[in-house]
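Some notes on the structure that comes next.
The values are calculated or read from the model by the stated rules, or taken from the named source; none is laboratory data. Here the structure is a predicted model, which is why all the values come from computation and not from measurement. Note that we place each Cβ from the backbone using ideal geometry, even for glycine, and neighbour counts take in every protein chain shown.
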Amino acid sequence: MKDKITLLYNGNEHEFPLIKGSENELAIDIKTLRQNTGLITLDPGYKNTGSCISDITFLDGENGVLRYRGYDIADLANNSSFIEVSYLLIFGELPSKSDVEKFENDIKEELLVHEDIKTILKSFPTGAHPMGILASLTSALISFNPGSVDVRSDEKMYHAIVQLMAKFSILTAWVHRKHEGLPLNYPDISISYVENLSKMMFMKPNKNYSNQSVITSALNKLLILHADHEQNCSTSTVRIVGSSEASLFASISAGISALWGRLHGGANQAVIEMLELIKRDGGDTKKFMSKAKDKNHPFRLMGFGHRVYKNFDPRAKIIKQAADEVLSDLGVNDPILEIAKGLEKEALSDKYFIERKLYPNVDFYSGIIYRALGIPTQMFTVMFALGRLPGWIAQWKEMKLNQEPIGRPRQIYKGRKHRKI
Ligand code: CMC
């Protein structure tokens, strides 16, 4: 195979190196393109553009493969805890027993936020969307934890990581409690990270709380499945914001805003709203399938399709099975699960969806589990954000350590030519 790409332009030949990834994926290295030819590339939505070289997550969309640091997503989802997977993503290796104990204990040491955060939280109107509150509070944390992190100092970076993992879980629980009108509470450091999250979210002031293993194990699995997904919209946002030397917390806050949109993480909320709409409308899935295929109708089948997966989303397979298990363990009978399965069946045998390689994605069944756990629809994307946190941190750290230049795409200008006033 040729190891260079030749571009013929204006009678001149220009050569560009071919870059090969560890799983043999290929890219043309165009770093010298503009300098040598005066040309730029144009690729709206970056459908063909690699923005970085990364060691963190491998994704093969044609074959439905997703690996964190070389480990298959199914192996991790079935055998590891969210804290272990967070450690793997951020530090590169699965932790030993003592490593993970230390990591979790260090996070517990930071399980407190400044009391003034409560004042900020309380000042949001009732009914404010939890994602907007989460992005704002994450931004507000900067004021209480000032200074940018020196990524070359292992000690300072480690401290920032455990701080963020700890405080973000409190914000997640408090955003939920605000949404539900429940009093704000404090963490219990005698239990695991995910058990504490569950307790902080669901504990009622008028009831004793006891952890249910079915809830913590479902949360663990969902958080792991969302933990990283290479250069998606929010992760690219985190990297690009960080590349301007904005702080870690500020970069994560920007990532939360990017995740909120319904074409990205916000799809989990949109899926349940769509399924409820179909149910209210009498359950005629065929009618909604036709709308989804109608180019003149804005309706899309939410939870279907993916920029990278063109065969199946391995996370969706695991979540679909988990949805059956969790609902049965909790004794929940949710009619919208049947509507979802009916829609999936129809879509998988429909020419429009087959031709465009549209399959259920991670968001198609996740909301059904969140709902069964008692999490309100508007909180779904917040749960996704907590899961994605270690991925965002790992990607931000990698970008800084690789000393990537500031992210700054170019454009082709098609506006008015020079004119005088
Ligand atoms: N329903 C109906 N048609 C669709 C859908 C859908 N969900 N998704 C894509 N298409 C059609 C689209 O209209 C286009 O058709 P045509 O070629 O005739 O113009 C074709 O399929 C290709 O779609 P695209 O919009 O060019 O593909 P993309 O890679 O730019 O977008 C996507 C990917 C995920 C934004 C899109 O599939 C979508 O909007 N899906 C619904 C929202 C969703 O579930 N998002 C969650 C994604 S996974 C989790 C995450 O990223 O956070």
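In region 126-152, how many residues are under 18 Å from V382 (Cα atoms) and either of a type in the set (G, A, S) or free of Cβ contacts under 8 Å to residues at least 60 places away in the same chain (or both)? So the answer is 10.
Evaluate the following for L42: is it modelled with pLDDT of 95 or more, closer than 27 Å to L401 by Cα and not acidic (D, E)? I'd like the intermediate steps shown before the answer.
Working: modelled with pLDDT of 95 or more: yes; closer than 27 Å to L401 by Cα: no; not acidic (D, E): yes.
Spelling it out, it is not the case that L42 is modelled with pLDDT of 95 or more, closer than 27 Å to L401 by Cα and not acidic (D, E).
When Q321 is tested against the conditions (1) away from the ligand (no atom under 12 Å from the Cβ); (2) part of a helix (DSSP H, G or I); (3) closer than 30 Å to G181 by Cα, the lone failure is (3).
Can you tell me which residues in region 106-156 are among the aromatic types (F, W, Y) and assigned to a loop (DSSP other than H, G, I, E, B)?
Let us first name the residues in region 106-156 that are among the aromatic types (F, W, Y), namely 124, 144.
Matches in region 106-156: F124 only.
Residues that are within 16 Å of the ligand (Cβ to nearest atom): which helices (runs of 4 or more DSSP H) entirely in region 187-275 hold 3 or more of them?
Passing ranges, in order: 213-225, 233-242, 248-260.
State yes or no: is I161 in contact (Cβ under 8 Å) with a residue 24 or more places away in the chain, of a type outside the set (D, E) and in contact with a Pro (Cβ under 7 Å, 6 or more places away or on another chain)? Answer is no for this residue.
How many of the residues in region 276-306 are more than 8 Å from the ligand (Cβ to nearest atom) and on the phi > 0 side of the Ramachandran plot? Going through region 276-306 one residue at a time, the tally reaches 2. Among the conditions (1) closer than 21 Å to L259 by Cβ; (2) surrounded by fewer than 23 Cβ atoms within 10 Å (Cβ to Cβ); (3) of a type in the set (F, W, Y), the only one that Y209 does not satisfy is (1). Could you check, for region 297-306, whether at least one of its residues is assigned to a helix (DSSP H, G or I) and either under 30 Å from F58 (Cα atoms) or free of Cβ contacts under 8 Å to residues at least 40 places away in the same chain (or both)? No, region 297-306 contains no residue that is assigned to a helix (DSSP H, G or I) and either under 30 Å from F58 (Cα atoms) or free of Cβ contacts under 8 Å to residues at least 40 places away in the same chain (or both).
Considering I421, I393, I369, I412, which residue is β-branched (V, I, T) and free of Cβ contacts under 8 Å to residues at least 40 places away in the same chain? First the steps, then the outcome.
Details: I393 fails: free of Cβ contacts under 8 Å to residues at least 40 places away in the same chain; I369 fails: free of Cβ contacts under 8 Å to residues at least 40 places away in the same chain; I412 fails: free of Cβ contacts under 8 Å to residues at least 40 places away in the same chain.
The match here is I421.
Only one of the numbered conditions (1) small (G, A, S); (2) at pLDDT 95 or above; (3) surrounded by fewer than 20 Cβ atoms within 10 Å (Cβ to Cβ) is not met by A218, and that is (3). Residues being of a type in the set (A, V, I, L, M, F, W, C), under 22 Å from A77 (Cβ atoms) and either within 9 Å of the ligand (Cβ to nearest atom) or assigned to a loop (DSSP other than H, G, I, E, B) (or both) are represented in region 326-335 by at least one member. If we keep just the residues of region 62-77 that are touching a Pro at 6+ places or on another chain (Cβ under 6 Å) and buried (at least 21 other Cβ atoms within 10 Å of the Cβ), which is farthest from Q231 (Cα to Cα)? Among those residues, the one meeting the criterion is I73.
Comparison of I117, I107, I90, I83 shows that the only residue that is surrounded by 17 or more Cβ atoms within 10 Å (Cβ to Cβ), over 23 Å from the mean Cα position of the chain (by Cα) and at pLDDT 95 or above is I117. Which one is surrounded by the most Cβ atoms within 10 Å (Cβ to Cβ) among residues in region 359-368 that are near the ligand (Cβ under 8 Å from one of its atoms) and either among the basic types (K, R) or assigned to a helix (DSSP H, G or I) (or both)? The residue in question is D363. Would you call A316 assigned to a helix (DSSP H, G or I) and within 30 Å of L171 (Cα to Cα)? Considered against the rule, which asks whether it is assigned to a helix (DSSP H, G or I) and within 30 Å of L171 (Cα to Cα), A316 comes out as yes. Say whether the condition of being of a type in the set (F, W, Y), more than 26 Å from A135 (Cα to Cα) and either surrounded by 19 or more Cβ atoms within 10 Å (Cβ to Cβ) or within 12 Å of the ligand (Cβ to nearest atom) (or both) is met by at least one residue in region 307-315. There is at least one residue in region 307-315 that is of a type in the set (F, W, Y), more than 26 Å from A135 (Cα to Cα) and either surrounded by 19 or more Cβ atoms within 10 Å (Cβ to Cβ) or within 12 Å of the ligand (Cβ to nearest atom) (or both). I'd like to know if region 345-358 contains one or more residues that are within 16 Å of the ligand (Cβ to nearest atom), in contact with a strand residue (DSSP E or B) (Cβ under 9 Å, 6 or more places away or on another chain) and part of a loop (DSSP other than H, G, I, E, B). Among the residues of region 345-358, at least one is within 16 Å of the ligand (Cβ to nearest atom), in contact with a strand residue (DSSP E or B) (Cβ under 9 Å, 6 or more places away or on another chain) and part of a loop (DSSP other than H, G, I, E, B), which makes the answer yes.
Restricting attention to region 369-397, report how many residues are β-branched (V, I, T) and either closer than 30 Å to M157 by Cβ or within 14 Å of the ligand (Cβ to nearest atom) (or both).
Just the residues of region 369-397 that are β-branched (V, I, T), to begin with: 369, 375, 377, 381-382, 393.
Checking which are either closer than 30 Å to M157 by Cβ or within 14 Å of the ligand (Cβ to nearest atom) (or both) leaves us with 381-382, 393.
Total satisfying the criteria: 3.
In this structure, K2 does not qualify as at pLDDT 95 or above, among the basic types (K, R) and under 30 Å from R67 (Cβ atoms). Does D99 satisfy being part of a loop (DSSP other than H, G, I, E, B), without any contact (Cβ under 8 Å) to a residue 24 or more places away in the chain and surrounded by fewer than 19 Cβ atoms within 10 Å (Cβ to Cβ)? No.
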